[in-house]
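A.B. asks: Here it is, the structure, as structure tokens.
The values are calculated or read from the model by the stated rules, or taken from the named source; none is laboratory data. Because the structure is predicted, anything quoted here is derived from the model rather than measured. So basically every Cβ, Gly included, is an ideal-geometry build from the backbone, and we count neighbours across all protein chains shown.
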Amino acid sequence: MTSKPPKGRFNMLYFASAGSFTRKQVESLPAPLPLAKLFDTLEKRYEGIRESVLDHSLVTINLAYVDMDDDEPKGEDGRPIVIQEGDEVAIIPPVSSG
Amino acid sequence: MEERTGPPSSQNGTTAVSSVRKRTSTEESRRGPSRPLTQAEFERYSRQMIVPGMGKEGQLRLINSRILIIGAGGLGCPAAQYVAGAGVGTIGIVDGDVVETSNLHRQVGHSTSRIGMKKVDSLITHLRHLNPLPRYIPYPFHINAQNAADIISPFDLVMDCTDNPATRYLISDVCVLVQKPLVSAASVQKSGQLIVLNCPPAPQGQLDGTTAPCYRCCFPKPPPPSSMVSCGEAGIMGPVVGMMGVAQAGEALKIISSALNIPSSTQPLDSEVVDRNLRQPYLLIYSYDLEAAIGPMSFRALKMAGRRKKCFACGENSTLSLEGIRSGTPNYEQFCSLPAPKHALSAEERITATEYQNLKERGLLPEHHLLVDTREKEHFSFGAIDGAVNFPFGKLLMTAAQVKRDKSNGGAEPQTQMILPNELALDTVDGNAPIFVVCRRGLDSQEAVEKLKEMGLDDGGKRKIMDIIGGMRAWKEEVDSTFPFI
């Protein structure tokens, strides 16, 4: 695990081309944040990231995949997912070469 | 020569498919036909057979299995070495390329003496020296929508070691339809990914909560081509791709030797095996950082979901079929290809490398004209056009976005100037001095022209900003053949 985010924040990790786009591997962002608002939040910080990276990437919270397909991503309990303080969220773009 | 004409028993691939399925239905076959090992096998495989969980049974499963490796490059070479070394009985290798010098830092199954040889032949030469016992089947051409099903069908497991998204989607789709487990790895620059898909295989459309996902379940949308970087363009570290290829072989050997590829429905009583099935796979990602020691982010295993209900290939209402794929539906190239170019520069905003050189030589360029080179600094470090200023494309995009934000926030321009190269500082704008932009191949430079205009560097249209058509590749072809183009 990376170092714990400060109080009231979550860790945001950027892998592969997400890291190239943001020019960083990790940063902390204010929590709580509804998962449905994650992409908007990142787009505001890094204009163009949605189209270039986010739309085709997979997203994990605390090392588990979350489905971003719906307008309001829901957890197993059927409630909208909210990113909590201390969570670790990651953007994983596909890598294709070999 | 018989090997060259086609896969085993594949005059009609379905024979092999049904024989594999039949095998799974009986206990003896699931474990592979029992026979004593030959002395040659016993000696060669002794060190791996004594590993707990492997044994003679696991070894016989490997010997009786057929693995297809698609791609004989940075992933395929290390993967094939371990698959062959472990004694997998039949190994098919697909690749249409020939060995080049620039492959050799990572493609460890080839050699300097085999430059120019077909990669499949080169790799099989290497593998035969390593282990003469397996049967090697070369497919010295690229896999495509027409031949994919015929090539894949006779095998028990497929390893995707290819280098582009269109082929990855094709291979995954065919593996769903002919029900083969797929071990998929990928790597570029400093990142690697590995995932076991479609294992154990289940019929298309079956969604009972226990079925494993396919590639499309994990990555339903292909990355836009603009963000796609190949090893040729972005570079690749040998150990990164090697690590992924070796790990890929490890997964393939595990699946075959432990019979994880056998659908759980055919063995309902063997709960131990059912538990070991991979219906909820993990995606392993490897991040290699040239600027830091091995750290907490180096390896991560991410828990993935099972089959996606709405998946185009394996989901509930999928209409994907082998006949469709053969006749061009879906169109993989189109699915993964360029959308209409967004940057339509006018003719006055473009100049050829030759024209630029002529203007410069004849002294027709104003003294303060600027040449911005948007390649990454590593590319720039090997050489550039005289007087060029390096402003890497990614940094330029970030800067442009920040300028835009600053403007909409009422203009905090000093902050922006800090990150512009000195030569581009906004207060030095000279209306008479054009800016030329050059990149590696002429795509980024067009977008860069747009962005520099957006940033106001065209001084409200007074200053010309122009793209050098075809980038440094054109420069090498047209102007300076000695330029060290990478």
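A.B. asks: What residue, of B:Leu283, B:Leu345, is surrounded by 14 or more Cβ atoms within 10 Å (Cβ to Cβ), at pLDDT 90 or above and outside any helix (DSSP H, G or I)?
C.D. replies: That would be B:Leu283, the only listed residue that is surrounded by 14 or more Cβ atoms within 10 Å (Cβ to Cβ), at pLDDT 90 or above and outside any helix (DSSP H, G or I).
A.B. asks: Only one of these conditions is not met by B:Glu323: (1) at pLDDT 90 or above; (2) in a loop (DSSP other than H, G, I, E, B); (3) acidic (Asp, Glu). Which number is it?
C.D. replies: (2)
A.B. asks: Another question, if that's okay. In the range A:14-46, which residues are assigned to a loop (DSSP other than H, G, I, E, B) and surrounded by fewer than 16 Cβ atoms within 10 Å (Cβ to Cβ)?
C.D. replies: A:Arg23, A:Lys24, A:Pro32
Here's the yes/no breakdown for (1) more than 9 Å from chain B (Cβ to nearest Cβ); (2) more than 25 Å from B:Lys190 (Cα to Cα); (3) among the aromatic types (Phe, Trp, Tyr); (4) within 11 Å of the chain's Cα centre (by Cα):
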residue: A:Leu13; (1), (2), (3), (4): no, no, no, yes
residue: A:Glu47; (1), (2), (3), (4): no, no, no, no
residue: A:Tyr65; (1), (2), (3), (4): no, no, yes, yes
residue: A:Asp87; (1), (2), (3), (4): yes, yes, no, yes
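A.B. asks: Turning to a different aspect of this structure: Would the range B:78-97 turn up any residue that is more than 13 Å from every other protein chain (Cβ to nearest Cβ) and out of contact with any Leu (no Cβ under 8 Å at 6 or more places or on another chain)?
C.D. replies: yes
A.B. asks: Is there any pair linking a residue in the range B:64-92 that is of a type in the set (D, E, K, R) to one that is surrounded by fewer than 24 Cβ atoms within 10 Å (Cβ to Cβ) and outside any helix (DSSP H, G or I), with Cβ under 6 Å and at least six apart or on different chains, and which?
C.D. replies: Taking only residues 6 or more apart or on different chains, the pairs are B:Arg66/B:Thr90; B:Arg66/B:Asp156.
A.B. asks: I would also like to ask the following. When the range A:69-85 is examined, which residues are found to be more than 10 Å from chain B (Cβ to nearest Cβ) and part of a loop (DSSP other than H, G, I, E, B)?
C.D. replies: Matches in the range A:69-85: A:Asp70, A:Asp71, A:Glu72, A:Pro73, A:Gly75, A:Glu76, A:Asp77, A:Gly78, A:Arg79, A:Ile81, A:Gln84, A:Glu85.
A.B. asks: Which condition number does B:Pro154 fail, the rest of (1) part of a helix (DSSP H, G or I); (2) within 30 Å of B:Pro220 (Cβ to Cβ) being met?
C.D. replies: (1)
A.B. asks: Another question, then. All but one of (1) surrounded by 15 or more Cβ atoms within 10 Å (Cβ to Cβ); (2) under 27 Å from B:Ala202 (Cα atoms); (3) at pLDDT below 80 hold for B:Ala247, so report the exception by its number.
C.D. replies: Tallying (1) surrounded by 15 or more Cβ atoms within 10 Å (Cβ to Cβ); (2) under 27 Å from B:Ala202 (Cα atoms); (3) at pLDDT below 80, B:Ala247 fails exactly one: (3).
A.B. asks: Pairs please, first residue from the range B:129-151 and farther than 30 Å from B:Thr38 by Cβ, second anywhere and outside any helix (DSSP H, G or I), Cβ atoms under 6 Å, 6+ apart in sequence or on different chains.
C.D. replies: So the pair list comes out as B:Pro140/B:Lys118; B:Phe141/B:Gly96; B:His142/B:Gly96; B:Ile143/B:Ile70; B:Ile143/B:Val94.
A.B. asks: Still on this model: List pairs: first residue in the range A:60-73 and modelled with pLDDT of 90 or more, second residue outside any loop (DSSP other than H, G, I, E, B) and charged (D, E, K, R) anywhere in the structure, Cβ distance under 8 angstrom, at least six positions apart or on different chains.
C.D. replies: Taking only residues 6 or more apart or on different chains, the pairs are A:Thr60/B:Lys303; A:Ile61/A:Glu88; A:Asn62/A:Glu88; A:Leu63/A:Glu88; A:Leu63/B:Arg300; A:Leu63/B:Lys303; A:Ala64/B:Lys303; A:Tyr65/B:Lys303.
A.B. asks: From the residues in the range B:457-484 that are assigned to a helix (DSSP H, G or I) and among the small types (Gly, Ala, Ser), which one is farthest from B:Ile385 (Cα to Cα)?
C.D. replies: Residue satisfying both the conditions and the ranking: B:Gly460.
A.B. asks: Mind telling me which of the residues B:Glu361, B:Glu323, B:Glu349, B:Glu378 ends up being touching a residue at least 24 places away in the same chain (Cβ under 8 Å) and farther than 30 Å from A:Leu13 by Cβ?
C.D. replies: Only one candidate qualifies: B:Glu349.
A.B. asks: Determine, yes or no, whether A:Arg9 is more than 11 Å from the chain's Cα centre (by Cα) and either of a type in the set (S, T, N, Q) or modelled with pLDDT under 95 (or both).
C.D. replies: When the stated conditions are applied, A:Arg9 does not pass them.
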